[in-house]
Amino acid sequence: VDAFQAWCGPCKAVVDLFRKIRNEVGSDLLHFAVAEVDSIDALEKYRGKCEPVFLFYAGGELVAVVRGANAPLLQKTILEQL
């Protein structure tokens, strides 16, 4: 989940990376979403940051967090979580 604030917008810099990884591993294993933290109370702690935050969930539980648009770290985290 790409957690963003309306004033900053979702992180478009990593969309191509997400598409590439999803094409490699298949759409059944991996799902991407965006969430505006200003409108979701459960994500309140991610408000006021000037960097994108990527939240990784498995089985309904938060399993990893990556702060910033660090493509190598995002790819590593995605593949590790799969």
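With runs of 4+ DSSP H residues as the only contributors, calculate the mean residue ellipticity of the chain at 222 nm using -39,500 (n - 2.57) per run, divided by the residue total and rounded to the nearest 500.
-8000 deg cm²/dmol
Simple spin-label estimate for GLU36 and GLN81 gives 2.3 nm between the two label positions (7 Å along the Cα-to-Cβ direction from each Cα). Close amide H partners of VAL34, meaning residues 5 or more places away or on another chain with modelled amide H under 5 Å apart, are ASP2. Between the amide H of ASN70 and any residue lying 5 or more places away or on another chain, no distance stays under 5 Å, with hydrogens modeled in the peptide plane. For the chain, DSSP calls about 75 percent of its internal beta bridges antiparallel.
Near PHE4: Cβ cut-off under 13 Å, other residues only, Lys/Arg at +1 and Asp/Glu at -1. The net charge is 0. Between the amide H of ALA64 and those of PHE56, distances stay under 5 Å, these residues lying 5 or more places away or on another chain, with hydrogens modeled in the peptide plane. In this rough spin-label picture, where each label sits 7 Å from Cα along the Cβ direction, the ARG47-ALA64 distance is 2.9 nm.
Bear in mind that the values in this text are calculations on the coordinates, not laboratory data. Quick caveat, the model's predicted, so the values are computed rather than measured. Here Cβ is always computed from backbone atoms with ideal geometry, including for glycine, and neighbour counts include all displayed protein chains.
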